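Read-outs throughout are calculated quantities, based only on the coordinates presented, and are distinct from any laboratory measurement. The structure displayed is predicted, hence computed values, not measured ones. Glycine gets a Cβ as well: all are built from the backbone with ideal geometry, and neighbour counts include every protein chain shown.
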Amino acid sequence: MKLQLEEKTLKALHFIVGVLDKHKIPYRIGGGFAAHIYGSERPVNDIDISLSGKYFSIIVPEIKEHITVGPKHYTNVKWDCDTLSINYYGQDIDMTDIDTLRMSNKEQTEWFQTKDIFRKFPNVIKEVDGIEVSLIDPRDLVAYKKELADKDHLYQLIDIEAVGKYITDNGL
């Protein structure tokens with residue numbers, strides 16, 4: 001499958017990966033963007049990146065003109081975390097502090113640290129538009145998306161199926 005990413009998405013990817021790489025900041029891209037790289041044909045809405053929030057203060061000076069939210073703490077029925085969001089010329093990029101990221105289970109009866117559940121495998125390095133990017137392992141991505149899939153988020157099933165096929169096709 002040939003990647004179908006919008007020009008704004010590729011420009012934003014180059015921008016944020018450039019900033020992170022410049023400062024040698026470890027990160028992991030997940031969400032729909034990673035699912036797209038692994039074969040989902042669903043359009044990319046945003047670029048979701050997890051990294052340690054201790055790096056927010058390092059990158060803020062370079063991204064400040066694009067910041068739309070944060071850095072700040074965010075809580076709702078599903079998420080509890082520190083976050084920083086930017087919009088790079090029309091492309092949203094959401095960065096989440098992996099050290100604080102907690103997610104409620106599907107039943108919303110308990111909270112868990114996502115890094116303890118969805119970081120069983122090492123990052124995957126893939127080339128995208130001429131640059132190397134660090135992605136969540138597809139097996140962790142499927143586990144994560146299964147926790148998110150519900151009647152209000154059926155699009156997660158599209159990603160789960162596509163990434164599951166990638167896992168099978170690549171013998172993972």
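Largest GNM mean-square fluctuation across G53, G30, G90, computed for the chain with C-alpha springs under 10 Å, falls on G90. Which net charge results for the neighbourhood of I93, defined as the other residues with beta-carbon distances under 12 angstrom from its beta-carbon, given Lys and Arg at +1 and Asp and Glu at -1? So the environment of I93 carries a net charge of -2.
Under 5 Å between amide hydrogens, built in the peptide plane, is the criterion, and for V69 it picks out S85 among residues at least 5 positions away or on other chains.
When F33, F15 are sorted by how many other C-beta atoms sit within 10 angstrom of their C-beta, beginning with the fewest, the order is F15, F33. For region 56-64, backbone phi angles converted through the Karplus equation (6.51, -1.76, 1.60; θ = phi - 60°) give residue-by-residue couplings of 3, 5, 6, 8, 3, x, 8, 10, 3 Hz, Gly and Pro being listed as x.
Placing R0 at 35 angstrom, the Cβ-Cβ distance between T168 and H14 gives a FRET efficiency of 0.65 after rounding to 0.05.
Database remark: amide H of Y88 closer than 5 angstrom to the amide H of I93 (H placed geometrically; neighbours at sequence offset of 5 or more, or on other chains; Pro and chain starts carry no H).
Anything over 25 Å Cα to Cα? Flag those among K22/K165; K126/K165; K24/K126; K8/K165; K24/K106; K115/K145, in the order listed. Pairs exceeding the cut-off: K22/K165; K8/K165; K24/K106. This ranking places T9, T109, T114 by how few other beta-carbon atoms lie within 10 Å of each, fewest first, which gives T109, T114, T9. In this structure the amide hydrogen of D99, modeled in the peptide plane, comes within under 5 Å of the amide hydrogens of G53, none closer than 5 places in sequence on its chain.
If only the Cβ of Lys and Arg carry +1 and only the Cβ of Asp and Glu carry -1, the dipole of region 7-166 around its Cα centre is close to 220 debye. Taking 0.36 nm per residue of separation and subtracting the current Cα-Cα distance, fully stretching the chain between S52 and K22 would add 9.2 nm. Based on DSSP H segments of at least four residues, each scored -39500 (n - 2.57), the chain has a per-residue ellipticity at 222 nm of -10500 deg cm²/dmol. Once the Cα-Cα distance is subtracted from the 0.36 nm per residue extended length, the T68 to D99 segment shows a gain of 9.0 nm. Among A12, F112, H36, which residue has its Cα positioned farthest towards the positive end of the charge dipole of the chain, with +1 placed on the Cβ of Lys and Arg, -1 on the Cβ of Asp and Glu, and the dipole taken about the Cα centre? So the residue furthest toward the plus end is F112.
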